[in-house]
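The block underneath contains the structure these notes are about, expressed in structure tokens.
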Amino acid sequence: MIRPAQHSDIAAMLPLLEQLFAIEADFQFDAVRQRCALELLLRSPTARVLVAECNSRVVAMVTGQLLISTAEGGPALVVEDLVVAKTCQRQGIATRLLEGLTRWARSRGAHRLQLLADQNNATALEFYRGRDWQNTQLICLRFRISEKEET
């Protein structure tokens, strides 16, 4: 069953994020930070968190956040944190989560979904390409704002 996440699901989502971050070179799992982020996402009217349940247990999740794209002339959805528990992979759960997120984005006028995927995660890249996601010519850059520099 795919459904919107609730605050009571956060404890079950944290191990999923830990599993995901273990294969992403750019991120480190930090339960306090991830809990804070999930709480913010669940409260945000421009974000959606979906979970998949199996036998009344959360086994997968996806998050998405709307932004305004000047290229699209309207909303676009940034997909993050698509992860399925290892024991439940290859059962169509990730596809159903993305379909649910796509419906939500479409209902809010989004013109595009986009995501970042670890370039060394061949399984994820194969999954997305098999669902008509396309590579772009863009690369991701980031700049960390240090808390020490705040005035």
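The values are calculated or read from the model by the stated rules, or taken from the named source; none is laboratory data. Here the structure is a predicted model, which is why all the values come from computation and not from measurement. Note that each Cβ is placed from the backbone with ideal geometry, even for glycine, and that neighbours are counted across all protein chains shown.
Summary table
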| item | result |
| --- | --- |
| Selection from the stretch 100-122 of residues that are modelled with pLDDT under 95, under 21 Å from residue 51 (Cβ atoms) and outside any loop (DSSP other than H, G, I, E, B) | 115 |
| Lone unmet requirement of (1) touching a residue at least 24 places away in the same chain (Cβ under 8 Å); (2) under 18 Å from residue 133 (Cα atoms); (3) among the basic types (Lys, Arg) for residue 103 | (1) |
| Condition met for residue 60 (within 19 Å of residue 97 (Cβ to Cβ), among the small types (Gly, Ala, Ser) and either part of a strand (DSSP E or B) or in contact with a helix residue (DSSP H, G or I) (Cβ under 6 Å, 6 or more places away or on another chain) (or both)) | yes |
| Residue count for the stretch 77-92, restricted to those that are surrounded by fewer than 20 Cβ atoms within 10 Å (Cβ to Cβ) and either in a helix (DSSP H, G or I) or not acidic (Asp, Glu) (or both) | 9 |
| Filtered residue count, the stretch 2-30, keeping only those that are modelled with pLDDT of 95 or more, more than 13 Å from the chain's Cα centre (by Cα) and of a type in the set (Gly, Ala, Ser) | 3 |
| In the stretch 119-141, the residues that are out of contact with any helix residue (DSSP H, G or I) (no Cβ under 7 Å at 6 or more places or on another chain), farther than 22 Å from residue 72 by Cβ and either in contact (Cβ under 8 Å) with a residue 12 or more places away in the chain or of a type in the set (A, V, I, L, M) (or both) | 120, 121, 122, 124, 125 |
| First in the stretch 70-93 and farther than 21 Å from residue 5 by Cβ and touching a residue at least 24 places away in the same chain (Cβ under 8 Å), second anywhere and polar (S, T, N, Q) and surrounded by 12 or more Cβ atoms within 10 Å (Cβ to Cβ), Cβ under 8 Å, 6 or more apart | 76/69; 76/114 |
| Qualifying residue in the stretch 1-17 (condition: in a strand (DSSP E or B) and either among the aliphatic types (A, V, I, L, M) or on the phi > 0 side of the Ramachandran plot (or both)) | yes |
